[in-house]
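Taken together, the values in this text are just the output of simple stated rules run on the coordinates, not laboratory data. Since the model is a prediction, treat every value here as computed from it, not as a measurement. For neighbour counting, all protein chains shown are included, and Cβ atoms are generated from backbone atoms with ideal geometry for every residue, glycine included.
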Amino acid sequence: MNGFEDVWRTGSSFPTARAAEYLKREADLSTEQARAQAPSRFPRAHVNQGWAKNPLGTSRARPQAAVCLREQAARTTCMEPLRQRAKFLAAASGIKVPAAAFVLQACNRRDAEPARVGFTASKKVGNAVERNRVRRRLREVVRLSVASRLRAGHDYVLVGRRAALDMPFDRMTKDFEEALRRVHARRHGVESR
């Protein structure tokens with residue numbers, strides 16, 4: 001038993017005479033290594049040989065199949081986002097159907113491209129946090145409801161109102177379905193409530 005073990009076993013913060021002598025000798029040791037030590041890492045020859053080596057270098061990139069947890073892929077193919085200001089203005093000059101939480105604007109582009117949907121909320125709705133929340137709620141209403149009823153060749157814009165912040169989600173969904181039905185009924189010249 002050496003002096004260091006004496007300190008450790010007694011649990012005392014004051015070393016015994018033997019422990020003090022041991023610690024003093026430890027302080028006088030040189031920092032030079034007495035002999036060469038083995039390297040801390042294995043040399044390359046001892047690396048895992050289990051993996052086959054590709055003679056051409058790294059493996060080439062391969063396409064990866066998309067993984068969907070929901071049937072989201074089917075819903076997103078029938079609509080695209082509306083991003084250009086000119087397209088928003090064109091939809092604003094088309095048919096407008098008001099609802100409690102939003103105004104639905106629609107414009108026929110007269111082509112066979114997928115439907116495009118845009119979302120907007122003016123500063124009358126509130127600050128940036130509230131406007132973003134309204135847009136997120138409207139986006140979810142469109143995604144979950146009758147996105148398959150959106151007609152190809154049409155642009156749709158939902159202008160959010162302040163009521164969309166507090167309105168129950170199922171009511172907003174029903175209002176959207178009704179507004180969409182009214183938009184397409186107006187296109188055919190029949191307006192019914």
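Could you tell me whether the range 92-112 includes any residue that is in a helix (DSSP H, G or I), under 29 Å from the mean Cα position of the chain (by Cα) and surrounded by 14 or more Cβ atoms within 10 Å (Cβ to Cβ)?
Within the range 92-112, none of the residues are in a helix (DSSP H, G or I), under 29 Å from the mean Cα position of the chain (by Cα) and surrounded by 14 or more Cβ atoms within 10 Å (Cβ to Cβ).
So which of Leu158, Leu104, Leu138, Leu144 is touching a Gly at 6+ places or on another chain (Cβ under 6 Å) and hydrophobic (A, V, I, L, M, F, W, C)?
Leu138
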